[in-house]
Every structure is written in structure tokens, then in C-alpha cells.
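Okay, structure first, notes after.
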Amino acid sequence: MGPESLESIQKSALEDILKKYPEKAQKDRAKHLGVGLPADESQKTCGGVQSNKKTVPGVMSQRGCAYAGSKGVVWGPVKDMVHISHGPVGCSQYSRSGRRNYYIGSTGVDTFVTMNFTTDFQERDIVFGGDKKLTKAIEEINELFPLVKGVSVQSECPIGLIGDDIQATAKKTTALINKPVIPVSCEGFRGVSQSLGHHIANDAIRDHVFTSKGSDVGSTPYDVAIIGDYNIGGDAWASRILLEEMGLRVIAQWSGDATLNELRNGPKAKLNLLHCYRSMNYVSRHMEQEFNIPWIEYNFFGPSKTYESLRKIASQFDQGVQDNAEKVIAKYKPVMDAVLDKYKPRLEGKKVMLYVGGLRPRHVIGAYEDLGMEIIGTGYEFAHNDDYSRTTHEIQRSTVIYDDANEYELEAFCKRIKPDIVAAGVKEKYTFQKMGLPFRQMHSWDYSGPYHGFDGFAIFARDMDMAINSPVWGHNKAPWDAA
Amino acid sequence: MQNPQKIVIGKDLFLQPEYDETFKNKKAFEDMPEVQKVKEIAEWTKSKEYCDLNFKREAITINQAKACQPLGAVMVALGFENTMPYVHGSHGCVAYFRTYFTRHFKEPTPCVSDSMTEDAAVFGGINNMKQGLQNCKALYEPEMIAVSTTCMAEVIGDDLNAFVDGAKTEGYLPEDYPVVFAHTPSFVGSHLTGYDNMLSETLKQLCKTISKDKKERLNIVPGFETYLGGIDEERELAEAFGIDAVVIPDHGEQWNTGAGEYKMFAGGTPIEEIKGACNAKAIVTMQPFTTPKTLKICKNKFKQQTFEARPIGLSGSDELVMFLKEFSGKDVPESIKRDRARLVDAMQDSYSYVHDKKFAIYGDPDFALGLAAFVIEMGGEVTHLLCNNAPEGWAEAARAVLDRSPAKDSSRVWAGKDLWHLRSLLFTEPVDYLIGNSYGKELERDTGVPLIRIGFPIFDRHHLHRYSIVGYKGGLNLLNWIVNKILDTIDSQTKEIAKTDFSYDLVR
Ligand code: SF4
């Protein structure tokens, strides 16, 4: 299949898909679907798609809500705090322990990430308000978990609607328990996706964390912070190890395996290293403005991007660090080459359809390409225009771009553009597997991982090989089926 | 560093010495409490003092064992043929419902929402509803749409009846297109309340012609049944008596489809059958605490005979079979007699490992009662029976079940308590085994009590949901899981060489 024919298939698939929508929805969706071309400089955003707009009603969007963005992503992984799901019981239950934010600690004693805390709203709380209950809840938490470092209040839908003043309650209880209580108004109906939740959560860090001081950790010229790594399956650890090897001191890790102290010490970094741009660019920009801390984006998926990123990071420091970066690369390169030698022949030319959230629809492209695989479709659940413009630089060939794609579109695209593997989330997984297509979950690494860094890439390569070359996909045809 | 010949994941990677170094480095910035202090507090959380403090809690729920209403409504909708569950509210909830079911069943879970945002919060969600219904029908071509609400829609007071009517009169949907709806506020009850609301409303809204002449037919309501094999088993039991049985709603196939092709909807009760459901002679529910409203409608409005079964374990299954016998007027068929005898035989083969063992059981109300009854039938002791979403009357019913046990004086009922309460209880009044869903794995880790995974959700083990836990055949599965976990535990405790391995018996 030459690039032209691929492009025309992609374009016609897109047209066909739109036809099924009623008029209004069709117009709307047309703005969010496109075919991205690497050469096309005129495209402001990859494929010319619009993003961060309301979801069309009545479709099976894969998007989450602001609460999911704040509690599930940004705040939830901060390990030595309790994060209260404030409102009815559901959100808290569904969001428990799904994201594999690895951490080290004694759960229920000094760390709390995999636990569930909710004010479990009943009808009377809706009618009379839940501020009193929240106050009591915070006192109870402080009594039962004396080592807790602070509490965050993650608002669910009803809180904003019934007009509860969690800001005031937080202020009052901060004094009461003498620990920070941080209100986060991340009600699920706010914004169009989880994205606003990230922003709100970042603002809460700005307003309530930076106002207090962390422990004294001294200062070196090599102090950096990892920003926007949630330590899924231990990703941040596999990244951190490289930064340390190259002579940097990682004084804070946001927010996978993070402690409140690390967040507080964030502003002491000399450079912020931003991995998930979407979820944490806000607080990075704030630190730049307020504390003069520069930030750079990096990408630790796949050896090529990791080499590039290590050099880019090192270039911000002195010759010593730059030499170290070369040493680190020289040390791991043979291992990475051996991984590629082993897996590339098995994966070369395989076509990938991606659909994920914050950074992965573009960040993982390089890792696939290192393995000789090609991305023929990608898109984000909750990106903004700046994510798509960044994507333009990553794609290597014509690629279908779908913003806020729903189940119907993904299935239809898949049937038309025929990938060899789909890499998306758990809601999508079994749909594609039933179609006989290899699939990997790219939010949770399908309970494998880590995928970041050099150690992670070996696992990534192994997993993709496992998915694509597993014998299980060959069993669909029964011996009695006609040839 | 990875060895390309033997790539390691997770734990094996992080146990390598260089990671130890990284973890140590990180500690310098964490400002975590002193090791000694952590030990001290950890010990304290196991004490009676802590338990008392824990039980004084009034405001915070910790590690709950329940979910919110719309989840149950979605299950009901997926039990109707070619029906799309439609949740009126923001799409975040729906992402959660789909994820939650998908993680349990390892199957896709279709469900749409109408993606309400701030403007809907101010002006109401009518526009979302009109567009949403239209789009949903166009894209997924369901034969029916079943609408439930989220807490948001309930707080702003959206009126489903008016909205659905509006969507039809304004031409967004054909007038005769079936749309059923139920209000499912998440701050009332639990996922089971939502199940009952959606089911009772569907029957109310679809059963238009209620005739006095009832058909010789039996409606079976499986309830929030997460063991899909159970639905077939219930149907087969009735059919063995020659009964014309209809399962309402039947979600058994939806989450149990085969490989090769993806079809969004599978199985389910045909819509025509639901319309005529009111004219069946009787209805039997397998989860009475889950379906009070449904039963009430059937009894009062449809004038049907109602029967409350709970066919988990021997006596529960016996009661169901006796009802079926009476209903059909036929003798108990040989096949059922044989299955019962097999279960009893198995119980007699295995009882000695269960006898006198102490159990803590937690889960949804009917499930917890059924499991407790079965454990007691095997000679086990139920020290703690806990239900977080216990409806009114459950505590008394639980007491009655536990009172059948010789250990009744040391058996306790915990209505409305959560899994953090249970953690305390496992330290202060310990048991030998814990029965419950995957959330129990942290209790197992913290307290050392082995967890037998039965319940919902089961995220961390595969395929258990494909079996049955109801009826005599389901009883065999329960027995299998319980006894073999006990044997595994005994083995793991007796394998230390030259210390305990003389008891590491080959034959058990
Ligand atoms: S927002 Fe309300 S309805 Fe939605 S999942 Fe949370 S508790 Fe349930």
C-alpha cells in the first residue's frame, strides 16, 4: 500500500463515517476528524481537527470528567494524603485503584493511594448541604490516620450544584486539624472532559501547596523535578533512574509516588521536566512565572526519543552532565540495540491504531517506529489544540486523526483502515479483541510495565510482540468453517 | 538493566539493586514518618481501641462495598434485547460504569450518555436529551433506549417523562419508538436500588394491557446477577419442570459473547416479552432485597403471584425447587434430584475442611445472606456478616440466617458498615477465611486472612463470572472455590521443609 492510496482510504473512511450521523452531529463531528500529513505545514493542528469542545450527546464517548482528571490523575497518586471523594458513593468506587499509580508505603498507615474515602452523600446531604459532614469526615480521618500529611477534597457533581462552600470548610478544617485541607472544585459536569480537572487540580496545587514550605533539602545546581509522571506500573521510577545516573538530583516527583513534601519542594527545582504536558503544563507555567523555573518537555518512550530527551535535558546543564548523558546512552544503547534486534524483525511494517489520553497519542509514536511499526491513526480523548500541533511533528505518514472519538467511529475506522494492532483503553479493548485484533491497553499498560525509560522500552517491545504474534488470534477459525 | 533475553516486568525489575538505590535517593525528599512511628501506628490500627474509634465514625466512609444507582440501571437495560442504556448526565459517569463492568466481565459494555456540562446545569438537560436520543438511535440502531439519570440530573431536577415526550413530539424520535426511563439518584441506596428502579419502571411503562387471564408462564428476575452462568441455570431449573419461563431482564449473553465478531448487543429479553410480562401468572425474584419495587408492582398492579427466592446454597435452592414444583404441579424431575444429590454428596465429601472454620462474609444483601446460609450448611461459622448497602430489614434477615448456626452467639451482623470497619473486626475478632470481592485482597494482605473471591466486582481473577453460584450446580462451584482455597491455604502453611512438611499431605 503506497502512501497515496493509504491517504485516500483514510479520507473516504472518514467521509463514510460521518454519513451515519444526523445533520447537526455530522457537522460537529466533521470538525474533529481529519487526516494528518507530516509535510502539510498549513495544518495548525494535526489533521486540522478542533479539540476541547463539547461531546456530541448520545454517543459512546470514551471521555471522563473533571473529577477523574483531578482525583484520578493529579491528586489521587499523592501518597501521604487522603483524598476525599466528596459527594455520592459512585465516583469514588469506580475510580478506585484502576490507574496503577505505584507507590511505596504502608497503606492505611502512612500512605493511602489505593484506598477509598467518600462522604457517601445521602438525600439529606443534598437537601441540607454537606459542609458539616465534610468537617466531621476530615476530623475523623485525622483521628484514624494520625500520620496523614493533609487532606484534599475532590468535589463530585452535586457539590457545586447545591452550593456547598468547600473553600470555607477547607479553611476551617485546616485550622482544626493543623494540616492542609485542600479544596478542589472538580465537579464532573465542569468542562468538556477530564482535562479541566487537571487544570483545576493544578490551580489547587498553586493556591494551597506553594503557600507552605517543605522540608529543607539543601540546594544543588542539578536539582530537577519530574512533572506529569503518574508512575503507572512504576514508569516514574524507570525514568528517575536515568536522570539520577546522569548526575541530576530529582527533588520531586509529580505526582506518582509523590508526597506532599515533594509537591511543596517543587519550586526549589532548577528545571522542571515535563512528561505529560496536558495534565501539568499549567503548574509548570506558573512555576516559571512565579519562581523563574524553566521547564522543558521530554519523552521517555522508546530509545530514539529517550536518547534525544536525555541530550536535550543535559543541554540545560554543564559539560559534566552532558558527558554523563552520553555515558548513560552509551551504556544502554547496546541493550536497546539487542532489544530491537530481537523484536524489530517480528514487528516491522505492522500498522498501529492509537487512541489514548494526555500525551501518549503522540509520545509513543517514536517507540513504535523504533520497532519498525507504523501509526495509521491516532487521537486524544481530551486534548487541546496545542497537543494536536505537537502531534503534527510526530507523525511520519498520512494518519487518521480523531478527536474525542467515540465507540462507533473507532470501530468503523478500524474496519476501514485495518490496523494490525489497536492500542487504547479498557473500554475499547474487548471490542477489538472480539474482532480478532491484537490490543494493548495504553492507560494501564495492560497490567504490565513500566513502559518509560530504557527498562520500560524492553517491556514495551516484548508486550507488542506478545500481542501481535500470539497464537491466540489464529484460533477464530474453526476446522469446520469453510476455507 | 534489562537483559533482552529475559525481560522482566514490575516487581522483578524493581527488585534489582539499582532501583534500591533510586528508592533510597527518593526517600531523602519524601519527608515520610519515622519507621518506628509507622510500626507503632500500624500496630495501633490492629487494636481494640482503634476498632472502637473506627466504629464511632459518622461522616466518612472508607473502602465502601457498594456503588451508585445508575450502574444497576445499566445492567437492567443490557438485559433487554437490542437495547441501549442511556444515562442522562455527564459522560464521566458512563465512562466509569463501562469501565467497571468491563473490568469485571472482560467484555465490552455499551452505554451512552448525553454529556451534560455547565450549561445544562443551569438550563436543564433537555437539549442534550433531544439530540442525544436522536444520535443514539442513528448510530447504534437499538430497538429500544433505556434512560436513567445521574446525581447531577437529579439535583437539577430534570423531568425525564417530559423530556422523552418532548423529544418525540418534536420529531427527534418516532412517536412509537420505545424509550423507557427511570430516575436513579445516586445519593439514594446503591447500584441495587438502581436495578430495581429501572426494572420496575420498565415494567410499568411497557406493560400497557394488563389482562385478568394470566398465562401459564413464570417470569424469572435474576437481579444484579454477576455470575452469568446462574441465569441459564435458573431458566433450566424452571424448564426442567416444563414451565414456560421468561428471564426478565436477561443480561447473561451480553457479557458472555464469543470471539470472531463484535456485535454490540447480544441476547436479552425480547421487548415483546417485556410488554406481556404482566400477564404471566407469577414472578420469582432471585434477589428479594434487590427488587422490592418490582415485586410490589407485580403483586399490586399486575396481580401476579410473587415468590421470593434466594437460591444460593442448599436450602435456598430447595426452596426455589419447591416453589417450582408447586407452580408447575409436577414432581421434581430426575435431573434435579440427581443434581441435588450430587451437591449433597460433595458437601459430605468436603465438610470436614469447612467445619468449625470461622468466616467473614461481605457483599450485596442477598448475596451475603445466601453465602452465609451455605457456609453454615457446611458446618462453618459465620463470625462476621457485613453488608454496606443493607436495605431495611436486612439485619433481621441476616440474624435469622445466623441463628440457624450452632455458633450463633459468636456470629455478628454488620449492616451499613464498610470494609475499613471489617479490617478492624478481622484484627479484634479474627476469622480463618474471608469471602468477598476483589477489594478484600487488601484485607487479606493487611490481616493475613485468606480471601476466597466470590462476589462483585472480581477484577483480579479471570473467568469466575462465567460460572453459576445459584442452584445445586452453582452450589458445587461455591463448594469448589471455598474448599480448594482452604486446601491451598493448608498446603502453603505446611510446606516448610523439615518443619511442617510432614503434614504436607498428598491425599486430602
Ligand atoms: S457523578 Fe454521581 S451518578 Fe455519576 S458516578 Fe459519581 S455518584 Fe454516580
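The values are calculated or read from the model by the stated rules, or taken from the named source; none is laboratory data. Every value quoted in this text rests on a predicted model; they were computed, and no experiment measured them. Note: ideal-geometry Cβ built from the backbone for every residue, glycine included; neighbour counts use all protein chains shown.
Exactly one residue among B:Ile312, B:Ile297, B:Ile274 is buried (at least 16 other Cβ atoms within 10 Å of the Cβ) and either of a type in the set (Gly, Ala, Ser) or more than 28 Å from B:Pro457 (Cβ to Cβ) (or both), and that residue is B:Ile297.
Just to be sure I understand, how many residues within the range A:138-173 are over 22 Å from B:His421 (Cα atoms), more than 16 Å from the ligand (Cβ to nearest atom) and surrounded by fewer than 19 Cβ atoms within 10 Å (Cβ to Cβ)? Total meeting the criteria: 6. Identify all residues within the range B:322-348 that are closer than 25 Å to B:Ala280 by Cβ and among the polar types (S, T, N, Q); write none if there are none. Those that are closer than 25 Å to B:Ala280 by Cβ and among the polar types (S, T, N, Q): B:Ser328, B:Ser335. Scanning the range B:1-60 for residues that are in contact (Cβ under 8 Å) with a residue 60 or more places away in the chain, crowded, with 16+ Cβ neighbours inside 10 Å and part of a helix (DSSP H, G or I) yields B:Tyr50, B:Cys51, B:Asn54.
Quick grid of which residues meet (1) surrounded by 15 or more Cβ atoms within 10 Å (Cβ to Cβ); (2) assigned to a loop (DSSP other than H, G, I, E, B); (3) among the polar types (S, T, N, Q):
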| residue | (1), (2), (3) |
| --- | --- |
| B:Val382 | yes, no, no |
| B:Leu386 | yes, no, no |
| B:Glu396 | no, no, no |
| B:Ser405 | yes, yes, yes |
| B:Asp409 | no, no, no |
| B:Leu426 | yes, no, no |
| B:Asp446 | yes, no, no |
| B:Gly455 | yes, yes, no |
| B:Arg461 | no, yes, no |
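So, A:Ala170, is that one more than 12 Å from every other protein chain (Cβ to nearest Cβ), free of Cβ contacts under 8 Å to residues at least 12 places away in the same chain and at negative phi or not? So A:Ala170 fails the test. Would you check which residues across the range B:72-91 are within 14 Å of B:Ser186 (Cα to Cα) and at the interface with another protein chain (Cβ under 7 Å from one of its Cβ atoms) and list them? Correct list: B:Ser90 only.
Every residue in the range A:39-61 that is of a type outside the set (Ser, Thr, Tyr), assigned to a loop (DSSP other than H, G, I, E, B) and more than 7 Å from chain B (Cβ to nearest Cβ), please. Scanning the range A:39-61 gives A:Ala39, A:Asp40, A:Glu41, A:Gln43, A:Lys44, A:Val49, A:Gln50, A:Asn52, A:Lys53.
The set of residues in the range A:56-77 that are touching a Cys at 6+ places or on another chain (Cβ under 6 Å) and either of a type in the set (Lys, Arg) or within 12 Å of the ligand (Cβ to nearest atom) (or both) comprises A:Ala66, A:Tyr67. The C-beta contact set for the range A:48-77 (first residue among the aromatic types (Phe, Trp, Tyr), second residue within 15 Å of the ligand (Cβ to nearest atom) and part of a helix (DSSP H, G or I), distance under 9 angstrom, 6+ apart or interchain) comprises A:Tyr67/A:Cys91; A:Tyr67/A:Cys157; A:Tyr67/A:Gln194; A:Tyr67/A:Gly197; A:Tyr67/B:Gly92.
Tell me, which residue of the range A:103-137 that is more than 26 Å from A:Asp164 (Cα to Cα) and touching an Asp or Glu at 6+ places or on another chain (Cβ under 8 Å) is nearest to the ligand (Cβ to nearest atom)? So, considering only residues that are more than 26 Å from A:Asp164 (Cα to Cα) and touching an Asp or Glu at 6+ places or on another chain (Cβ under 8 Å), the one nearest to the ligand (Cβ to nearest atom) is A:Thr114.
Given the criteria within 14 Å of chain B (Cβ to nearest Cβ), in a helix (DSSP H, G or I) and of a type in the set (D, E, K, R), does A:Lys27 qualify? Yes: the conditions hold for A:Lys27. I'd like the full set of residues that are within 13 Å of A:Lys171 (Cα to Cα) and more than 16 Å from the ligand (Cβ to nearest atom), limited to the range A:181-203. Selection gives A:Val181, A:Ile182, A:Pro183. Highlighted here are the helices (runs of 4 or more DSSP H) found entirely within the range B:69-132 that include at least 1 residues which are away from the ligand (no atom under 16 Å from the Cβ): B:91-105, B:118-123. Residues that are part of a helix (DSSP H, G or I) and hydrophobic (A, V, I, L, M, F, W, C) were ranked within the range A:1-24; the one that is surrounded by the fewest Cβ atoms within 10 Å (Cβ to Cβ) is A:Leu18. Kindly establish whether B:Thr61 is within 7 Å of chain A (Cβ to nearest Cβ) and at pLDDT 95 or above. Yes, satisfied.
Residues are listed down the side, and each one gets a yes or a no for (1) at the interface with another protein chain (Cβ under 8 Å from one of its Cβ atoms); (2) hydroxyl-bearing (Ser, Thr, Tyr); (3) over 28 Å from the mean Cα position of the chain (by Cα):
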{"position": "A:Gly105", "(1), (2), (3)": "yes, no, no"}
{"position": "A:Thr114", "(1), (2), (3)": "yes, yes, no"}
{"position": "A:Asp131", "(1), (2), (3)": "no, no, yes"}
{"position": "A:Ile177", "(1), (2), (3)": "no, no, yes"}
{"position": "A:Arg190", "(1), (2), (3)": "yes, no, no"}
{"position": "A:His198", "(1), (2), (3)": "no, no, no"}
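Scanning the range B:24-37 for any residue that is within 16 Å of the ligand (Cβ to nearest atom) and of a type in the set (D, E, K, R) turns up nothing. Selection over the range B:335-386 of residues that are in contact (Cβ under 8 Å) with a residue 24 or more places away in the chain and of a type in the set (Lys, Arg) gives a count of 4. The C-beta contact set for the range A:78-102 (first residue away from the ligand (no atom under 12 Å from the Cβ), second residue of a type in the set (Asp, Glu), distance under 7 angstrom, 6+ apart or interchain) comprises A:Lys79/A:Asp257; A:Asp80/A:Asp110; A:Tyr102/A:Asp257. A count restricted to the range A:247-288 and to residues that are away from every other protein chain (no Cβ under 13 Å) and over 25 Å from A:Asn385 (Cβ atoms) stands at 3. Tally the residues that are farther than 21 Å from B:Pro222 by Cβ and buried (at least 24 other Cβ atoms within 10 Å of the Cβ), restricting the search to the range B:345-361. Residues flagged as farther than 21 Å from B:Pro222 by Cβ and buried (at least 24 other Cβ atoms within 10 Å of the Cβ) within the range B:345-361 amount to 2.
The single condition among (1) among the hydroxyl-bearing types (Ser, Thr, Tyr); (2) surrounded by fewer than 23 Cβ atoms within 10 Å (Cβ to Cβ); (3) touching a residue at least 40 places away in the same chain (Cβ under 8 Å) that B:Ser317 does not meet is (2). Scanning the range B:111-126 for residues that are at the interface with another protein chain (Cβ under 7 Å from one of its Cβ atoms) and either surrounded by fewer than 21 Cβ atoms within 10 Å (Cβ to Cβ) or in contact with an Asp or Glu (Cβ under 7 Å, 6 or more places away or on another chain) (or both) returns B:Glu118, B:Ala121.
Within the range B:183-227, the residues that satisfy the criterion of being within 16 Å of the ligand (Cβ to nearest atom) and either in a loop (DSSP other than H, G, I, E, B) or of a type in the set (A, V, I, L, M, F, W, C) (or both) are B:His183, B:Thr184, B:Pro185, B:Ser186, B:Phe187, B:Val188, B:Gly189, B:Ser190, B:Leu192, B:Met198, B:Phe224. In the set (1) within 28 Å of the chain's Cα centre (by Cα); (2) touching a residue at least 24 places away in the same chain (Cβ under 8 Å), the condition left unmet by A:Glu41 is number (2).
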